[in-house]
Amino acid sequence: MDVKIIAGVIGTMVFLLYVVYIYNKLVRLRYAVRNCWSDIDVHLKKRYELLPNLIEAVKGYATHEQETFMKVTELRSACMSAETPAEKAKAENMLMQTLKSLFALAEAYPALKADIHYKEIMSNMKEIDDNIEHSRRFYNAAVRDYNIATAVFPTNIVASSFSFKTEEFFSLENEAEERKPVKANFT
């Protein structure tokens, strides 16, 4: 056999193996993104299931706030029907703004704040919010890794050939509030 033919066959096989390796790497990264999104979705659903209990607890003390209760219910439905991370984030941000007004309303009722059922709901909400934040960080890290892999050469050639699209990050507005520096005056 001719050396050029053997070299060509070996070169083609190495190239094909490399393409398969890159393809499998992209598939693994995409599944990591989907798995992380699934974790966020589970925690969000737990929060959505808890919201009617929160409304009922507050409603017992502030029956005249029907507009706020309806808004929370509508936004809960919007969050549940949102499909993409960007849609979910937008709906979640609106829901969180409305929940802030509901929490402020609860502050006006000391008996409500002392209610054991309300305290339990708020404790569960805090735990769920912490889980969402934790899962969001893992999701965004997985998205970052996947998006970088689809953008760098030579992986981007394989990614575009097999229709691997970039994924959306999941960011909530309260992230910026959490990172505000503490202002202290030591003079």
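The values are calculated or read from the model by the stated rules, or taken from the named source; none is laboratory data. Since this is a predicted model, take the numbers as computed values, not measurements. Virtual Cβ from ideal backbone geometry, glycine too; neighbours counted across all protein chains shown.
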* Structure fact -> Those residues of segment 39-68 that are of a type in the set (A, V, I, L, M, F, W, C) and farther than 12 Å from Leu99 by Cβ come to a total of 5
* **Selection from segment 38-73 of residues that are over 20 Å from Asp129 (Cβ atoms) and either small (Gly, Ala, Ser) or touching a residue at least 40 places away in the same chain (Cβ under 8 Å) (or both)** => Gly60, Tyr61, Ala62, Glu65
* When the residues of segment 54-72 are filtered to those that are in contact with a helix residue (DSSP H, G or I) (Cβ under 7 Å, 6 or more places away or on another chain) and not hydrophobic (A, V, I, L, M, F, W, C), which remaining residue is surrounded by the fewest Cβ atoms within 10 Å (Cβ to Cβ)? -> Lys59
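Would you pick out the residues in segment 79-102 that are basic (Lys, Arg) and surrounded by fewer than 14 Cβ atoms within 10 Å (Cβ to Cβ)? Working first, answer last.
Within segment 79-102, the subset basic (Lys, Arg) is 88, 90, 100.
Once the filter is applied, which keeps residues that are basic (Lys, Arg) and surrounded by fewer than 14 Cβ atoms within 10 Å (Cβ to Cβ), segment 79-102 yields only Lys100.
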* Report, by residue number, each residue of segment 159-176 that is at pLDDT below 90, part of a helix (DSSP H, G or I) and aliphatic (A, V, I, L, M). => Ala176
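So that you can scan it fast, the table gives a plain yes or no per residue for (1) part of a loop (DSSP other than H, G, I, E, B); (2) within 22 Å of Phe169 (Cβ to Cβ); (3) of a type in the set (Lys, Arg); (4) out of contact with any Gly (no Cβ under 8 Å at 6 or more places or on another chain):
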| site | (1), (2), (3), (4) |
| --- | --- |
| Val58 | no, no, no, yes |
| Ala62 | yes, no, no, yes |
| Phe69 | no, no, no, yes |
| Glu87 | no, yes, no, yes |
| Tyr118 | no, no, no, yes |
* Kindly indicate whether Tyr139 is more than 21 Å from Lys46 (Cβ to Cβ), surrounded by 11 or more Cβ atoms within 10 Å (Cβ to Cβ), of a type in the set (Phe, Trp, Tyr) and in contact (Cβ under 8 Å) with a residue 60 or more places away in the chain. => no
* If Asp2 satisfies every condition in (1) in contact (Cβ under 8 Å) with a residue 40 or more places away in the chain; (2) exposed (fewer than 10 other Cβ atoms within 10 Å of the Cβ) but one, which is the exception? -> (1)
* **Selected residue (only one of Asn124, Asn147, Asn93, Asn156 is modelled with pLDDT of 90 or more, under 30 Å from Leu26 (Cβ atoms) and under 23 Å from the mean Cα position of the chain (by Cα))** => Asn147
* To do: Answer yes if at least one residue in segment 6-25 is at pLDDT below 90 and surrounded by fewer than 15 Cβ atoms within 10 Å (Cβ to Cβ), and no otherwise.
  => no
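This table checks each residue for (1) basic (Lys, Arg); (2) touching a helix residue (DSSP H, G or I) at 6+ places or on another chain (Cβ under 9 Å).
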| site | (1), (2) |
| --- | --- |
| Ser81 | no, yes |
| Thr98 | no, yes |
| Pro110 | no, no |
| Lys113 | yes, yes |
| Ile121 | no, yes |
| Phe162 | no, yes |
| Glu167 | no, yes |
